[in-house]
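Have a look at the structure below before the remarks.
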Amino acid sequence: MEDINDSPIVRNGNSLILAYDHGTEHGPVDFEPMPKSADPTHVFDVGRHDAVTAIALQKGNAEYYRSWEKANGIDDGAPLLVKLNGNSNLAARDDYYSPKQCSVRYAVEELGADAIGYTMYAGSTHEDEMWKEFRDVQEAARKYGIPVVMWSYPRGKGIQNSEEYSGQTDPKVVAYGARLGLELGADVVKCKYPGTQDGWQQLEDVVGGMKTVMSGGSKRSDEAFLEDVFSTIEVGGNGLAVGRNIFQREDPEGLLDKLEAVIFEDENPDEL
Ligand code: FBP
């Protein structure tokens, strides 16, 4: 883990990453609630809000982002986080795997990436292969001096449901995934919210001070969403990586204003 507090993707120690890789991960169905969100330039524009410290894009949209900035003379777009791997949910697979589509060299030298992201499916039968890919990604990112964000999503045949939890939301499983981020050399780990503040605390207890961000999840009310974000910040979380809760809103500005206050200005959402 490196000190990344000087990175453009960090503000006051925290981050708000606007994730827009859903066209690969889930497909256009995620744009149906707000059809204008299918247009990448709409979401690029949302990313110009001061609260956003990075926009996470797959390679094709990252290329589009840079040409959109150039064509429109835009110099206040969000810093770029290139998501190096991804997969669709169209393929029938024996277990979870997210192949790499972009090299760190291409992300940095051709796209001007400020950070890179990689999804790790610990618990999948393909975990070993992903560790190897992550090793190469992490070492290359170190050479370029840019932060590494791990989307740490334990899932697959090794992850069991218990009576109390589905495997992916079990706080112990989420904490194990977060710890892998530290052990494998990420600078920020992005985890699913395990449902309670105590669950997030369990994760914070094992990451040795590495930065953690909550993964947004499906759309919910402003109040419910802000409450989850605040509950992670209160116990040491460093912000958010969010997609649907932003781009599925008609006007995400209001929520972004509040997220800015909660994530960067230590505000309690009940007082906003
Ligand atoms: P959301 O805030 O919409 O959940 O986006 C965060 C994210 O990690 C995206 O980067 C990614 O596309 C999606 O969630 C993956 O979600 P899952 O694999 O859990 O369906």
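Here are a few things to note about the model shown:
- Taking all protein chains together and a 1.4 Å probe, the residues K143, K100 rank K143, K100 from largest to smallest accessible area.
- Accessible surface for I233 stands near 30 Å², nearest 10, in the context of the full protein assembly shown (1.4 Å probe).
- For segment 1-104: relative contact order, % (alpha-carbon pairs under 8 angstrom, 6 or more apart): 28 percent
- When only alpha carbons are used to place a centre, segment 57-82 and segment 222-258 end up 23 Å from one another.
- Karplus-derived 3J(HN,Hα), 6.51/-1.76/1.60, for each residue of segment 93-98, Hz, glycine and proline x: 10, 6, 6, 5, 7, 10
- Hydrodynamic radius of segment 34-100 per Kirkwood, over alpha carbon pairs, in Å: 13.4 Å
- Cα pair distances in segment 181-272, grouped into 10 Å bins until the bin that holds the longest one, percent each: 16, 51, 28, 5
- Of the solvent-accessible surface of the chain, computed with a 1.4 Å probe and all protein chains present, 45% belongs to carbon and sulfur.
- Most tightly packed first, judged by the mean number of other beta-carbon atoms within 10 Å of their residues, the peptides 214-226, 188-200 read 188-200, 214-226.
- With protein chains left intact and a 1.4 Å probe, residues in segment 128-228 average 47 Å² of accessible area per residue.
- If only the Cβ of Lys and Arg carry +1 and only the Cβ of Asp and Glu carry -1, the dipole of the chain around its Cα centre is close to 1060 debye.
- Share of pairwise Cα separations in the chain, more than 35 Å, in percent: 9 percent
- As computed over segment 77-232, the Cα convex hull volume per residue (Å³): 135 Å³
- Within the straight-line cut-off of under 13 Å between alpha carbons, the aspartates and glutamates reachable from K59 are D21, E109, E110, sequence neighbours fewer than 8 places apart in one chain being disregarded.
- Amide hydrogen proximity for G117: with H placed 1.01 Å from N in the peptide plane, the residues at 5 or more positions away or on another chain lying under 5 Å are V82, K83, L84, V149.
- In the structure shown, the pairs K100/K219; K100/K190; K219/K258; K172/K192; K100/K172 are assessed against 20 Å; a Cα-Cα span above that value is assigned to K100/K219; K100/K172.
- Amide H contacts of A54 (H built 1.01 Å from N, under 5 Å, at least 5 apart or other chain): L16, L18
- When you restrict to C-alpha pairs under 8 Å that are six or more residues apart and normalise by the size of the chain, the relative contact order lands at 19 percent.
- Phi angles across segment 221-226 convert, under the Karplus curve 6.51 cos²θ - 1.76 cosθ + 1.60 with θ = phi - 60°, into 3J(HN,Hα) values of 5, 3, 4, 5, 5, 4 Hz, Gly and Pro given as x.
- Under the Karplus curve 6.51 cos²θ - 1.76 cosθ + 1.60, θ = phi - 60°, whole-Hz ³J(HN,Hα) for segment 176-185, x wherever Gly or Pro sits: 5, x, 5, 4, 4, x, 5, 5, 8, x
- Segment 162-229: C-alpha gyration tensor shape, a/c 1.5 cut-off, then a/b vs b/c: oblate
- If only the Cβ of Lys and Arg carry +1 and only the Cβ of Asp and Glu carry -1, the dipole of segment 149-272 around its Cα centre is close to 960 debye.
- For segment 115-216, the dipole from Cβ point charges (+1 on Lys and Arg, -1 on Asp and Glu) about the Cα centre works out to 280 debye, to the nearest 20.
- Accessible surface, segment 1-105, averaged per residue in Å² (probe 1.4 Å): 45 Å²
The values are calculated or read from the model by the stated rules, or taken from the named source; none is laboratory data. Computed from a predicted model, the values in this text were never measured in an experiment. Virtual Cβ from ideal backbone geometry, glycine too; neighbours counted across all protein chains shown. Surface areas here come from the heavy atoms of the whole protein model, side chains and all, with no ligands, DNA or RNA. Shrake-Rupley method; radii C 1.70, N 1.55, O 1.52, S 1.80 Å.
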